[in-house]
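Participant: Submitted below is the structure of interest, expressed as structure tokens.
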Amino acid sequence: MWDLQRNGGNVVATTERILSGRGLEVPPQSFQPPLPVPASSTPSTSSTPSQAKAVQPDLITRYNLKAKLAEEASSRGESPASGEEETKQKQGQAWSTNKGERQALLQRRREEMILAARRKMEAKVAAEAALAKPSA
């Protein structure tokens, strides 16, 4: 495998090297050959994506953000600008020397990014639905 990959997949050159008795070079330890993809029937491949989705839950479920999502939805009607001001204040703070505080800050940022991405996607879907509605 290493020789084929090294010479661009030239089977003739690899075969000639073996038949002439020169042998093949030992691959480096970092070499990872590509795993062969088993040829499977069509029904089993159609069930594979549903199994993969069961293994990989959405980010809201994975990071337990349902409560924050509900809280954000209820506070959205009150004052949407206050959340932006809080975010700007948090960004102005210095990086903490305490490991726990840094971890909490990074977790909060991750949650904010996930929720912001969700809001953006919801807005995009709503805009697409609004555009599709009048033409129908």
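The numbers here are math on the coordinates, done by the rules we state, and not lab data. Everything quoted here is computed from the prediction, not taken from an experiment. Reconstructed Cβ throughout: ideal geometry from the backbone, glycine too, with neighbour counts over all protein chains shown.
Participant: Taking neighbour Cβ counts within 10 Å as the exposure measure, how do Thr97, Thr14, Thr61 sort from fewest upward? Let's see the in-between values first.
Facilitator: On the way: Thr97 7, Thr14 18, Thr61 10.
Ascending number of Cβ neighbours within 10 Å: Thr97, Thr61, Thr14.
Participant: Moving to a separate point now. Given the pairs Lys66/Lys133; Lys66/Lys124; Lys68/Lys133; Lys99/Lys120, which are separated by over 27 angstrom at their Cα positions? If you can, show how the numbers build up before the last one.
Facilitator: Values: Lys66/Lys133 30 Å; Lys66/Lys124 21 Å; Lys68/Lys133 31 Å; Lys99/Lys120 31 Å.
With Cα atoms farther than 27 Å apart: Lys66/Lys133; Lys68/Lys133; Lys99/Lys120.
Participant: Spin-label point model (7 Å from Cα, Cβ direction): what's the Ala70 to Arg108 distance in nm?
Facilitator: Using points 7 Å along Cα→Cβ, the separation is 2.3 nm.
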